[in-house]
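First up is the structure itself, then whatever we jot down about it.
The values are calculated or read from the model by the stated rules, or taken from the named source; none is laboratory data. Here the structure is a predicted model, which means the values were calculated and not measured. Methodologically, a virtual Cβ is constructed for each residue, glycine included, from the backbone with ideal geometry; neighbour enumeration extends over all protein chains shown. Heavy atoms of the whole protein, side chains included, go into the accessibility calculation; ligands, DNA and RNA do not. Shrake-Rupley method; radii C 1.70, N 1.55, O 1.52, S 1.80 Å.
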Amino acid sequence: MRKEFLPFSIPTIEQEEINEVVDSLQSGWITTGPKVKKFEDEFKAYVDAPFAVPLNSATAGLHLALLAMGVGPGDEVITTPMTFAATVNVMIHVGAKPVLADIEPGTLNIDVQAIRSKITERTKAIVPVHFAGLPCDLDAIFAVADEFGLKVLEDAAHAVGTEYKGKRIGSFDTLSVFSFHPIKNITTGEGGMVCTRDEKLAEEISLLKFHGMSREAWKRYSAKGTPNYDIVLPGFKYNMMDIQAALGIHQLRKLDRFIEKRTEIAELYNAAFAEVEEIVTPGAAPYAYRHAWHLYTPLVKIEQLTIDRDAFMAELKKENIGTGLHFKAVHHHPYYRENLPVPAGELPHADYVSDRILSLPLFPKMELADAQDVVAAVKNVFARTRK
Ligand SMILES: *Cc1c(COP(=O)(O)O)cnc(C)c1O
């Protein structure tokens, strides 16, 4: 057994990030400033988006995106049950009703036929999530959106570096929201970015993110700005700090290297688990894409074991292997069970996956030997819990 605990995820922070943060701290400019602007510009160039708005989280980005798209009370928004609660919580914040459509059993992404079946005259938008970094079938989703006059907001929290049919997520004609939380593919501590090709939406989100002040308001304390400012609407306090962008600038330059390492580990897992009867490895999609491998999320066939998924994760912990849970389906959480009840059997694939999924360790600083320890531990647990 492994001697030291292997966490499910650790961010890769190297000397460049540390130096850049120290530089910010010593410069006298800590909050939103030139480094945020630089990170915004480099991120736009990376994903090939004409407009981007840096924020203090992806949750903030999803919230402001819904507001900028005009989603509000009385509207319905279709999304996937296999997501982090933030995707759905922000719909509640703006007074809209989340409507859950089932997932595809292979990719775990939202099923486009299921989206169609949930459309009513109140439907305003579709929010697909690129689960674990595998892109949704955007062409099919855009076709449905066009047919019914709906807006599309991509929850791209897992998809920094993901490509769909040769184009990066963030470059499509929609709004996409990225997360830089410490477990995501690149981190700013906390942080997020909204990308769009629509200048008016970018402008609206920029206003909303900082009290309703005009876009370049941060300059008011610099030599180039003036101290006066105008509030043009009652905005929020969702701006990214320079200390955060200091991390992001260097993380972004390392992203492709990080994804290569993640891919190598994911492929090792796929090969090692191919012959293991009790585990289902993550599925593939039939179109061209680059998987960003944010997460490695196999399913455990609990019907073949004497224990459930939570007990399986506890057994792995005894083997010194950390795990994550991405995700318990939205409609299984107490708030949503009570306020957004889903009739039994209406989301069969999400229900099945929600009880069997877990996230195994996957991060760029892992060695291949660590991944082999994970494989050995998983096999050990199966050996002692097999029916
Ligand atoms: C992490 C995550 C978010 C929220 O990101 P934050 O930056 O922590 O606000 C939203 N959606 C999904 C699918 C996520 O995994």
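Summary table below
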| quantity | calculated |
| --- | --- |
| On Cα atoms only, tilt of 199-209 relative to the major axis of the chain in degrees | 90 degrees |
| Residue-level accessible surface for residue 384, protein heavy atoms, 1.4 Å, Å² | 120 Å² |
| Extension reserve of the residue 267-residue 42 stretch, reckoned as 0.36 nm per residue once the Cα distance is removed | 78.0 nm |
| By accessible area with a 1.4 Å probe, ligands and nucleic acids excluded, highest first: order of 224, 318 | 224, 318 |
| Net charge of Cβ neighbours under 14 Å - reference residue 274; Lys, Arg +1; Asp, Glu -1 | -3 |
| Radius of gyration and maximum dimension Dmax of the chain, Cα, Å | 21.3, 72 |
| Additional length obtainable on full extension of the chain from residue 3 to residue 25, 0.36 nm per residue less Cα span | 4.1 nm |
| Relative contact order for region 15-253, counting Cα pairs under 8 Å that sit 6 or more residues apart, in percent | 27 percent |
| Heavy-atom SASA rank of 349, 93, 294 (probe 1.4 Å, accessible area, largest first) | 93, 349, 294 |
| Nearest 10 degrees, 0 to 90: helix 58-68 Cα axis against the chain principal axis | 60 degrees |
| Percent carbon-and-sulfur accessible area, the chain, ignoring ligands, DNA and RNA, probe 1.4 Å | 53 percent |
| Heavy atoms of residue 237 accessible to a 1.4 Å probe, total area in Å² rounded to 10 | 120 Å² |
| Alpha carbon centroid spacing (whole Å) that separates region 175-205 from region 13-87 | 3 Å |
| Region 182-248: C-alpha gyration tensor shape, a/c 1.5 cut-off, then a/b vs b/c | oblate |
| Rounded to 5, the percent of DSSP beta bridges in region 15-253 classed as antiparallel | 55 percent |
| Entries of 35/254; 124/165; 167/261; 3/379 with Cα pairs more than 23 Å apart | 124/165 |
| Length-normalised contact order for region 222-336 - Cα pairs under 8 Å, 6+ apart - percent | 16 percent |
| 16 Å Cα-Cα reach of residue 209 towards aspartates and glutamates, excluding residues that sit fewer than 8 places from it in its own chain | 40, 190, 199, 230, 242 |
| Only Lys, Arg (+1) and Asp, Glu (-1) charged, at Cβ; the chain dipole about Cα centre in debye | 600 debye |
| Rounded to the nearest 10 Å², the accessible area of residue 14 at probe 1.4 Å | 50 Å² |
| Global form of region 255-385, assessed from the alpha-carbon gyration tensor, a/c cut-off 1.5 | oblate |
| Residue-averaged 222 nm ellipticity for the chain, from DSSP H runs of 4+ at -39500 (n - 2.57), nearest 500 | -12000 deg cm²/dmol |
